[in-house]
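Colleague: Handing you a structure now.
The values are calculated or read from the model by the stated rules, or taken from the named source; none is laboratory data. Just so it is clear, the structure is predicted and the values come from calculations on it, not from any experiment. No Cβ is skipped: glycine too gets one built from the backbone with ideal geometry, and neighbour counts run over all protein chains shown. Keep in mind that these areas ignore ligands, DNA and RNA; they rest on the heavy atoms of the full protein, side chains included. Shrake-Rupley method; radii C 1.70, N 1.55, O 1.52, S 1.80 Å.
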Amino acid sequence: MTPDERRTFILANTVEGAAPLVQEIVLRIGGPSMTLWEATALTDMRPAVPPPYWAYPWAGGQALARFVLDHPDLVAGRSVADIGAGGGIVAIAAALAGARAVVAIDIEVFAIETCGINAAANGARIDVLEADPTDTDDGWDVVLVGDLWYEDDVAQRIAPWLRRLATRGALVLTGDPGRAYLPDSGLVARATYAVPTDDDLEDGSTKTVRVLQFEADGPA
């Protein structure tokens, strides 16, 4: 599929809405997840099309976006990376809160296209990057990670990298609703939110989400 074809598909298969906890950000939001996944797989000729996580404001991302909007001093005038950006709610929040530069990074092409659509709808200036950024460092001042602790292999790769970024001086924050592979140490809670969720996506109608900061490694 071309970028224009993906854009057309996204606009045809999502509706404009907002996340319950972040009403001020406009997003393209999907309907029933399995229906959208089947439609994506029928349209996209890749051998294995991932679930359409890009079409939903996940609980961890909502909480992190809310925290950034409520504490704009954390990002104002600074360079920000949103890792595993999905639909871009966290990146957009950072841009609206006054970040000097924001890059939304994801490995999924539909996420990249959705980020661009959502950013434009909110008048948010962000760059998008289709990449796995693990073990890279563009000197970001702030690194934001919303709801990415759901697979062991992802957590094993990303956690040490985020710790290194924190150690060299970046502010590294993650939003987590209790996923299985969140690191069990080296995190400091900054805020807690009760986030309304959809039973189609989660195991209940509300998730308790913590915004956590990665601590720097101590001296060797």
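Colleague: In segment 193-209, which residue that is free of Cβ contacts under 8 Å to residues at least 60 places away in the same chain and outside any loop (DSSP other than H, G, I, E, B) is nearest to LEU162 (Cα to Cα)? Before you say what the answer is, go through the steps one by one.
Modeller: First, pick out the residues of segment 193-209 that are free of Cβ contacts under 8 Å to residues at least 60 places away in the same chain: 194, 199, 203-206, 208.
When the remaining residues are screened for being outside any loop (DSSP other than H, G, I, E, B), the result is 194, 206, 208.
Values: ALA194: 25, THR206: 28, THR208: 23 Å.
So, considering only residues that are free of Cβ contacts under 8 Å to residues at least 60 places away in the same chain and outside any loop (DSSP other than H, G, I, E, B), the one nearest to LEU162 (Cα to Cα) is THR208.
Colleague: Same structure, new question: What's the number of the condition ARG179 fails, among (1) touching a residue at least 24 places away in the same chain (Cβ under 8 Å); (2) of a type in the set (Lys, Arg); (3) under 22 Å from ASP217 (Cβ atoms)?
Modeller: That leaves (3) as the condition not met.
Colleague: Here's another thing I want to ask about it. Return the residue satisfying two criteria in turn: it lies in segment 1-20 and is among the β-branched types (Val, Ile, Thr) and farther than 27 Å from GLY175 by Cβ, and of such residues it is surrounded by the most Cβ atoms within 10 Å (Cβ to Cβ). Write out each step before concluding.
Modeller: Narrowing segment 1-20 to residues among the β-branched types (Val, Ile, Thr): 2, 8, 10, 14-15.
Restricting the remaining residues to those that are farther than 27 Å from GLY175 by Cβ gives 2, 8.
Details: THR2: 7, THR8: 14.
Per the stated criteria, the residue is THR8.
Colleague: Scan segment 181-190 and tell me whether some residue there is part of a strand (DSSP E or B) and either on the phi > 0 side of the Ramachandran plot or touching a Leu at 6+ places or on another chain (Cβ under 6 Å) (or both).
Modeller: Applying the first criterion (part of a strand (DSSP E or B)) to segment 181-190 yields 187-190.
Next, only the ones that are either on the phi > 0 side of the Ramachandran plot or touching a Leu at 6+ places or on another chain (Cβ under 6 Å) (or both) stay: 187, 189.
Scanning segment 181-190, I find at least one residue that is part of a strand (DSSP E or B) and either on the phi > 0 side of the Ramachandran plot or touching a Leu at 6+ places or on another chain (Cβ under 6 Å) (or both), so the answer is yes.
Colleague: If only one of THR208, THR174 is modelled with pLDDT of 95 or more and open to solvent by 40 Å² or more (accessible area, probe 1.4 Å), which one is it? Spell out the reasoning first.
Modeller: Working: THR174 fails: open to solvent by 40 Å² or more (accessible area, probe 1.4 Å).
Exactly one of THR208, THR174 is modelled with pLDDT of 95 or more and open to solvent by 40 Å² or more (accessible area, probe 1.4 Å), namely THR208.
Colleague: Further question on the same structure: If you take the residues of segment 61-94 that are surrounded by fewer than 21 Cβ atoms within 10 Å (Cβ to Cβ) and within 20 Å of THR136 (Cβ to Cβ), which of them is nearest to the chain's Cα centre (by Cα)?
Modeller: Checked segment 61-94; the qualifying residue nearest to the chain's Cα centre (by Cα) is SER79.
Colleague: Further question: Could you list, ordered by first residue, the pairs with Cβ atoms under 8 Å in which the first is in segment 14-39 and under 19 Å from ALA59 (Cβ atoms) and the second is crowded, with 19+ Cβ neighbours inside 10 Å and aromatic (Phe, Trp, Tyr), at least 6 apart or interchain?
Modeller: From residues that are under 19 Å from ALA59 (Cβ atoms), the pairs are LEU21/TYR193; ILE29/TYR56; GLY30/TYR56; SER33/TYR56.
Colleague: Can you name every one of the helices (runs of 4 or more DSSP H) wholly within segment 17-96 that holds 3 or more residues which are over 19 Å from ASP127 (Cα atoms) and modelled with pLDDT under 95?
Modeller: Details: elements: 33-43, 59-70, 89-96.
Output list reads 33-43.
Colleague: Are any residues in segment 21-60 open to solvent by less than 60 Å² (accessible area, probe 1.4 Å) and β-branched (Val, Ile, Thr), and if so, which ones?
Modeller: VAL22, ILE25, VAL26, ILE29, THR40, THR43, VAL49
Colleague: Is it true that some residue in segment 127-147 is farther than 19 Å from SER79 by Cα and in contact (Cβ under 8 Å) with a residue 12 or more places away in the chain? Give the steps one after another, and end with the answer.
Modeller: Looking only at segment 127-147, we keep the residues that are farther than 19 Å from SER79 by Cα, and these are 147.
From what is left, the residues that are in contact (Cβ under 8 Å) with a residue 12 or more places away in the chain are 147.
Checking segment 127-147: at least one residue is farther than 19 Å from SER79 by Cα and in contact (Cβ under 8 Å) with a residue 12 or more places away in the chain.
Colleague: Considering segment 133-173 alone, what residues qualify as being assigned to a loop (DSSP other than H, G, I, E, B) and touching an Asp or Glu at 6+ places or on another chain (Cβ under 9 Å)?
Modeller: The first filter runs over segment 133-173 and keeps only residues assigned to a loop (DSSP other than H, G, I, E, B), leaving 133-141, 147-151, 168-170.
The answer is ASP147, LEU148, TRP149, ARG168, GLY169, ALA170.
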